[in-house]
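As structure tokens, the structure follows; a few thoughts come after it.
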Amino acid sequence: MIVEERGMRLSFRLRMEESAEKKDSRIVLALDQLPEDGGDLTKKGIRILEETSPFLCGLKLNHHLVLPLGLFDGAKKIVDKAHSLGLPVIMDCKINDVGYTNRVIAENYYRAGFDAVIANPFVGWEDGLEPVFEVAEIMNRGVILLVFMSHKAAWEGYGQKIHDPNTGEPKLQYTVFAQKALSWKADGVIVGATFPEKIREVHAILGGKVPIYSPGVGAQGGDVKAAAEAGSQYLIVGRAITLADSPKQAARMFRDSVKK
Ligand code: 3DU
């Protein structure tokens, strides 16, 4: 049983763990590509969320859905609905700017109710992501770092060979990002389900101290079981659920294939 911490509210990380335990699911729904049948976007999103929620442990919204929904309008309604169904919500905004704007981006998403934001460690700590971690601490929310993305060109950035500034030794960029996730005390990292060998490598670095979230299941070709076996704690699934003939059955199928 997970105990309440910080007096009032569990940390984001424990909210996810508690939700996964309660729902007996490790599936996070990426509610971003909705059927193009002309209906109201917010209502459509809420309908799919309600239908699939018994099989989910969390929800993720992407920047490109929040744009037409409006942050304090449709997006907030979906966030509130997810919370009423017991699901924490992650904002996939891949924060990637200078510290000042990063702080305001995070504050706005947290004010709209999001439990965590996704950020890009390429911008570094000082005057980069430090302000995001500060706001997260104050508001008791989470920060998840991109460590290795799921698309084909991910190796061009996340997979490049670099020289460790301290030792001069050659290293792979994503291994350095995984180490930063530990030292910055991130609440999660993203490693694409399309690269199970990278998941395994990152998992070995993190030693179970930071959970791995893996998008890229289904529509992008990633296998949910292979990602889970390699060490992903949470599997992020979008189109393979939202565009299925029955989102409910698809969500159940993914949930069952990686039972906790
Ligand atoms: O491919 P899907 O439809 O299952 O959606 C995956 C979601 O995860 C989508 O919102 C995408 O923006 C996000 N994502 C990745 O696919 C890969 C990453 O490395 C990070 C986020």
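For the subset of segment 218-239 comprising residues that are near the ligand (Cβ under 10 Å from one of its atoms) and closer than 20 Å to K23 by Cα, which member is nearest to the chain's Cα centre (by Cα)? Looking at the filtered set, the residue picked out is I236.
Against the conditions (1) over 16 Å from the mean Cα position of the chain (by Cα); (2) more than 19 Å from V210 (Cβ to Cβ), G124 satisfies every one except (2). For segment 25-42, filtered to residues that are touching a strand residue (DSSP E or B) at 6+ places or on another chain (Cβ under 8 Å) and among the aliphatic types (A, V, I, L, M), the residue that is nearest to the ligand (Cβ to nearest atom) is A30.
Criterion applied to V189, V143 was being closer than 24 Å to Q233 by Cα, assigned to a strand (DSSP E or B), within 14 Å of the ligand (Cβ to nearest atom) and not aromatic (F, W, Y), and the one residue passing it is V189.
Going by what's in this entry, would K248 be described as closer than 27 Å to L31 by Cα, more than 10 Å from the ligand (Cβ to nearest atom) and over 20 Å from the mean Cα position of the chain (by Cα)? Considered against the rule, which asks whether it is closer than 27 Å to L31 by Cα, more than 10 Å from the ligand (Cβ to nearest atom) and over 20 Å from the mean Cα position of the chain (by Cα), K248 comes out as yes.
With respect to the stated conditions, N102 fails to be in a helix (DSSP H, G or I), in contact (Cβ under 8 Å) with a residue 24 or more places away in the chain and within 22 Å of R9 (Cβ to Cβ).
Is it the case that some residue within segment 159-168 is at pLDDT 95 or above, open to solvent by 40 Å² or more (accessible area, probe 1.4 Å) and in a helix (DSSP H, G or I)? Looking for residues that are at pLDDT 95 or above, open to solvent by 40 Å² or more (accessible area, probe 1.4 Å) and in a helix (DSSP H, G or I), one finds none in segment 159-168, hence no.
Scanning segment 233-247 for residues that are touching a residue at least 60 places away in the same chain (Cβ under 8 Å) and surrounded by 17 or more Cβ atoms within 10 Å (Cβ to Cβ) gives Q233, Y234, L235, I236, V237, G238, I241, T242, P247.
Annotation note: Cβ proximity below 6 Å between a residue of segment 55-76 that is small (G, A, S) and a residue that is within 13 Å of the ligand (Cβ to nearest atom) (sequence gap 6+ or interchain) occurs for G58/V28; A75/V66.
The values are calculated or read from the model by the stated rules, or taken from the named source; none is laboratory data. Quick caveat, the model's predicted, so the values are computed rather than measured. Virtual Cβ from ideal backbone geometry, glycine too; neighbours counted across all protein chains shown. Side chains are part of the model used for accessible areas, which takes the heavy atoms of the whole protein and leaves out ligands, DNA and RNA. Shrake-Rupley method; radii C 1.70, N 1.55, O 1.52, S 1.80 Å.
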